[in-house]
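Working notes, structure below.
Where a number appears in this text, it was derived from the coordinates with a stated rule and is not lab data. Note that the coordinates shown come from a computational prediction; the quantities given were computed from them, not determined experimentally. Cβ placement follows ideal geometry from the backbone for every residue including glycine, while neighbour counts extend to all protein chains displayed.
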Ligand SMILES: [Fe+2]
Ligand SMILES: [Fe+2]
């Protein structure tokens, strides 16, 4: 029952209880035991130009390195999370944080490690590399990288142009559980302890693993190259298309087949020209980065138009369908999800949208903020 609908004496009693830090379950039970999830995050989209404009400004105001800014990254705050202190808990969805980070030529973002887990998708620039627990990992646009929790990591750029990537961390999840620990490495760099690009070189075979990795390892591979991901999608594209997601692959840990990162799932999906996905919804939330192409995603009846370089947030339990509006070009969407956080508790559920042949009615077109 709505608070206003309770008799006056009870409403006064509720206020009295609140003032002494007690709660009336008879009034709150339907909020706690909601019929279905009521996500705090809302569907939202950030345009490439808006991000670029503000990254350019950050570049002029901040230097990265030991003794100055540790990281130069802008994170995507979901409007529905904005009121949470501090900084909307870094929530792009209720569990996931996403940011765009830039490292200029010659800069080194110094090593640290933390309880939150991190993954990255490289957007632009040659000559960037990370060092993760003593392994130097070079990367190129389209590569997917992981920095599992509590691994020392730093970022550097030995190229001639800025290197830009998407970060995704489980920051809001860590904030909700209040389990954050962070340590700072005492020096500007950490020592290298294995050959460069160790993991990716050991797993060049793709479908085979070194015999020493028969026991499951949490970080067997830190870098997933774009060329191999694309090859996997091309192979899949000769077969049946998924009615909701086109052709999609998940990044996995090659020693055990589970998600590459223990707490954040990641996909690369290809929507072929003219693809019109059906709508469904699920408990897991997702953050999308448009790697290539153009189209739109309808979320709860609102159309979000996207093109290369844009980001959008799909909150939990939100109806959605993806469309590639090009009749000639594939669209590639990179996305992250919180499935690995939900599945151990059997929290995931999925429902198809059955009305109107699986398509929502578009009631509104989202107007993005531009610089
Ligand atoms: Fe970090
Ligand atoms: Fe979906």
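Work out the FRET efficiency for residue 354 and residue 326 from their Cβ-Cβ distance, taking R0 = 35 Å, and round it to the nearest 0.05.
0.80
Does anyone have the angle between helix 226-236 and the longest principal axis of the chain? Alpha-carbon axes, 0 to 90°, nearest 10?
Approximately 60 degrees, to the nearest 10.
Can you work out D for region 135-233 in µm² s⁻¹ from Stokes-Einstein, where Rh is the Kirkwood radius over C-alpha pairs, the temperature is 10 °C and the viscosity is 1.306 mPa s?
On the way: Rh = 16.0 Å.
It comes out at roughly 99 µm²/s.
Using mean Cβ contacts within 10 Å as the protection proxy, how do 97-104, 353-360, 16-23, 274-281 order, highest first?
Result, highest mean first: 97-104, 274-281, 353-360, 16-23.
How do 123, 207 rank when sorted from fewest to most other Cβ atoms within 10 Å of their own Cβ?
If I rank by nearby Cβ atoms, fewest first, I get 207, 123.
Based on the Cβ-Cβ distance of residue 258 and residue 192, what FRET efficiency does E = 1/(1 + (r/R0)^6) give at R0 = 45 Å, to the nearest 0.05?
My answer for the efficiency is 0.95.
Taking 0.36 nm per residue of sequence separation and subtracting the Cα-Cα distance, how much length would be gained by fully extending the chain between residue 42 and residue 87, in nm to one decimal?
So the extension gain works out to 14.6 nm.
Which length gain, in nm to one decimal place, applies between residue 240 and residue 369 when the Cα-Cα distance is subtracted from 0.36 nm times their residue separation?
42.7 nm
What length, rounded to one decimal in nm, is gained on full extension from residue 19 through to residue 208, with 0.36 nm per residue of separation minus their alpha-carbon distance?
The span from residue 19 to residue 208 would gain 61.8 nm if fully extended.
Roughly speaking, what is the centre-to-centre gap between region 43-86 and region 330-371 when only Cα atoms are used, to the nearest Å?
24
Over what distance in Å are the Cα centres of region 118-159 and region 232-269 separated?
21
If R₀ is 45 angstrom, what is the calculated FRET efficiency for the pair residue 33 and residue 54, using the beta carbon separation as r and rounding to 0.05?
With R0 = 45 Å, the Cβ-Cβ based efficiency is 0.65.
For region 245-348, what is the per residue volume of the convex hull drawn over the alpha-carbon atoms, in cubic angstrom?
In region 245-348, the Cα hull volume divided by residue count equals 92 Å³.
So how long is each side of the chain along the principal axes, counting just the alpha-carbon atoms, biggest first, in Å?
Computed over the Cα atoms, the extents are 72, 51, 48 Å.
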